[in-house]
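The following block contains the structure, expressed as structure tokens.
Any read-out appearing in this document is the output of simple, stated calculations on the displayed coordinates, not a laboratory observation. Everything numeric here is computed off the predicted structure, so don't read it as measured data. Methodologically, a virtual Cβ is constructed for each residue, glycine included, from the backbone with ideal geometry; neighbour enumeration extends over all protein chains shown.
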Amino acid sequence: MPVIACHDCDLLTQLPARAGATLLCPRCGAVLQRHRPNSIDRPVAFALSGLVLFAVTLTNPFLAMRSGSFIQEARLLTGIIELWKQDLYILGGLVLLTCIIIPAIQLTGLLYVLVPIRLGVRAPGAIHVFRAIRHLNAWAMMEVFLIGILVALVKLAKMATIIPGIAVLSLGLLTIVVTAAMTTLDPPFIWRKLDPRP
């Protein structure tokens, strides 16, 4: 019978044969495993939705500033390019990494791992991809970027008229969708599908 180690106290506990139960550590009471229904279909649906929202966010205007008759429009990548032009390479690289590259890797990686599992096969290198997705989760910081944008909008509203673009809404929805895709995963279930050894 398979066992699981407690993340808090390292006690080894046997997994119950009954599916759909929440397993608590007998020693410290921490949640060892929580069954999530549709743990393949839901993350796949959220990941597909996220890729559509990602494309909308990158290709549409983010915001426009109007001061008199002068209007300046910006896209999401415009800020990163401006940081590079001002020789702020580390900051620009961090924004690019945490707001564009890591979420894109998460969404495409989830589809690469989960769609073959849904079809009853295992993609080559799926174990390494899933492990990378789990590690990268701590570095995806779109919500922090979104809060920073909202603060900047409030401050800039005193100097000029701010016109939010469709990319602001799609970025907000993308943040929710990526979070939902990661929270609806059932990692122990996925690991058992990727590596069926006892």
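Roughly what angle does helix 126-136 make with the longest principal axis of the chain, taking Cα atoms, 0 to 90 degrees, to the nearest 10?
That works out to roughly 50 degrees.
Give me, ordered by chain and number, the residues 5 or more places off residue 15 or on other chains with an amide H under 5 Å from its own placed amide H.
3, 4
Of 24, 70, 90, whose Cα points farthest to the positive end of the dipole of region 20-96 (charges on the beta-carbon: +1 Lys, Arg; -1 Asp, Glu; origin at the Cα centre)?
In region 20-96, that residue is 24.
Separate question: Work from the charge dipole of region 39-194 (Cβ charges, +1 for Lys and Arg, -1 for Asp and Glu, about the Cα centre) and give the residue of 136, 165, 115 farthest towards its positive end.
Toward the positive end, the furthest listed residue is 115.
So how much slack lies between residue 67 and residue 147, counting 0.36 nm per residue of separation and subtracting their Cα-Cα distance, in nm? Numbers along the way, then the final one.
Details: separation 80, 0.36 × 80 = 28.80 nm, distance 2.39 nm.
Going from the current span to full extension adds 26.4 nm.
Further question: Taking the Cα atoms of the chain, report the difference between the largest and smallest coordinate on each principal axis, in whole Å and largest first.
On the principal axes, the chain reaches 71, 37, 31 Å in Cα extent.
In whole angstrom, how far apart do the alpha carbon centroids of region 139-164 and region 74-98 sit?
Cα centroid to Cα centroid, the span is 15 Å.
Fewest to most neighbouring Cβ within 10 Å: what's the order for 186, 195? Before the final figure, lay out the partial values.
Working: 186 19, 195 10.
Least crowded to most crowded, the residues run 195, 186.
What Kirkwood Rh does region 109-198 have if only Cα atoms enter the pairwise 1/r average? Answer in Å. Numbers along the way, then the final one.
Working: mean 1/r = 0.0638 Å⁻¹.
Its Kirkwood hydrodynamic radius stands at 15.7 Å.
Here is a follow-up. What dipole magnitude, in Debye to the nearest 20, does the chain give about its Cα centre under +1 on Lys/Arg Cβ and -1 on Asp/Glu Cβ? Please report the intermediate quantities before stating the final value.
Working: 17 positive and 9 negative charges, 86 e Å.
In total the dipole reaches around 420 debye.
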